[in-house]
1. Quickly work out the Ser12-to-Tyr112 label distance, labels modelled 7 Å from Cα along the C-beta direction, and quote it in nm with one decimal.
2. In a shell of Cβ-Cβ distance under 12 Å around Ala350, excluding Ala350 itself, what net charge do Lys and Arg (+1) and Asp and Glu (-1) give?
3. Let me check against my output: what whole-number percent is the relative contact order of region 1-142, with C-alpha pairs under 8 Å and at least 6 apart?
4. Taking only the C-alpha atoms, wrap a convex hull around the chain and report its volume per residue in Å³ as a whole number.
5. Ignoring everything except DSSP H segments at least 4 long, calculate the 222 nm mean residue ellipticity for the chain; use -39,500 (n - 2.57) per segment, divide by total residues, nearest 500.
6. So how do Asp53, Asp95 line up by other beta-carbon neighbours within 10 Å, fewest first?
7. Stretched out fully, how many nm does the piece from Glu328 to Asn278 gain, at 0.36 nm a residue minus the Cα gap?
8. How many nm separate the modelled label positions at Glu51 and Asp346, each set 7 Å beyond the Cα in the direction of the Cβ?
Amino acid sequence: MIKTKGYATHDSNAKFAEWEFERRDVGPHDILIDIEYAGICHSDIHTARGEWDAMMPTMYPLVPGHEIVGRVSQIGNAVTKFKVGDVAGIGCFVDSCRECTPCVDGFEQFCYKGAAYTYSGTYMDRETPTYGGYSDKYVVDENYALKVTSDGDLAGVAPLMCAGITTYSPLRRFGVGPGQNVGIVGLGGLGHMAVKLAVAMGANVTVFSTSPSKEEDAKKLGAHNFVVTSDPENLTPLTGTFNFILDTVSADHDVNMYIGLLGIRGTMVVVGVPPNPNVIHSFGLIFGNKTLAGSLIGGIAETQEMLDFCAEHNIKSDVEVIKPDYIETAYDRTVKADVRYRFVIDMKNA
Ligand SMILES: [Zn+2]
Ligand SMILES: [Zn+2]
């Protein structure tokens with residue numbers, strides 16, 4: 001077994017402290033990653049604080065982190081994709097059954113047997129708990145690791161593993177490209193990635209936000225237009241003008257307002273999970289043959305495609321790098337949306 005230093009919380013108070021645990025030895029198909037950076041995703045906070053217990057009970061001790069990037073330091077004798085020294089990433093899951101229809105079709109995140117989530121889950125033996133990236137090492141099957149070819153600093157690469165693929169997948173699935181009007185609702189960790197990606201895909205991008213203070217940032221990220229949504233009057237002239245809208249907001253808000261902005265056969269995708277259900281007016285969808293859809297991360301092949309796209313277009317997340325002793329403060333600030341745009345823990349020097 002491999003001794004690993006992690007940062008764990010032992011209950012829903014989410015107080016983090018150093019905690020030592022063991023990873024499995026490197027098997028024939030495994031690689032050992034020396035973790036350099038782990039992003040803080042909002043899911044980490046919900047899980048650490050037990051806020052999703054009704055659906056997915058948190059397994060304590062919890063070492064969160066599913067936006068992982070580091071360097072390969074050891075490989076199993078059957079490994080073909082990686083060599084020692086390569087940069088590798090891990091996203092939201094580290095294994096799946098590999099046999100069911102979703103697994104075969106490249107949607108491992110929807111494995112019928114339940115994927116092995118990177119933390120607060122179990123491996124496919126359904127016994128061994130998984131511990132995430134707030135740690136110095138991870139042993140993972142090479143088929144569930146991602147290759148990173150981006151140049152330079154890796155801190156901004158970590159959030160691509162969740163925030164990147166969460167936004168890339170729906171943009172690709174609905175064919176976002178040049179000449180299209182694309183709206184991004186919310187400019188947080190997800191929204192800022194969506195803006196960069198949609199701009200790189202050639203779309204004309206509008207950011208919808210409740211905070212006028214974010215206009216300057218939106219433009220810096222490449223957005224062409226910025227609309228403050230607190231005054232509904234600002235939306236009226238845009239009725240029926242969008243091909244595609246990606247809604248990244250996790251606070252309660254009226255989805256119908258955005259459906260009205262879609263043109264004929266337009267599509268809106270939700271990736272945020274507000275606390276209360278939305279009431280959808282069917283007329284808004286029927287008139288114009290509009291589509292309302294959802295999306296959850298992406299499979300391994302598509303995540304690799306996203307990383308390659310980001311390397312080619314020099315896209316990274318805007319990050320604030322922190323030390324592990326700042327995790328609790330970073331959680332509080334993330335909840336208050338006081339981060340531009342992702343906290344990343346420096347595990348290299350932890
Ligand atoms: Zn995440
Ligand atoms: Zn499966």
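Values in this text are rule-based calculations from the coordinates and carry no lab data. Note that the coordinates shown come from a computational prediction; the quantities given were computed from them, not determined experimentally. FYI the Cβ positions are ideal-geometry reconstructions off the backbone, even for glycines, and counts take in every protein chain you see.
1. Between Tyr112 and Ser12, the simple spin-label model gives 3.4 nm.
2. Local charge sum for Ala350: -2.
3. The normalised contact order for region 1-142 reaches 29 percent.
4. In the chain, the Cα hull volume divided by residue count equals 133 Å³.
5. Dividing the helical sum by the residues of the chain leaves -5500 deg cm²/dmol.
6. Asp53, Asp95
7. 14.9 nm
8. About 2.8 nm separates the two model spin labels.
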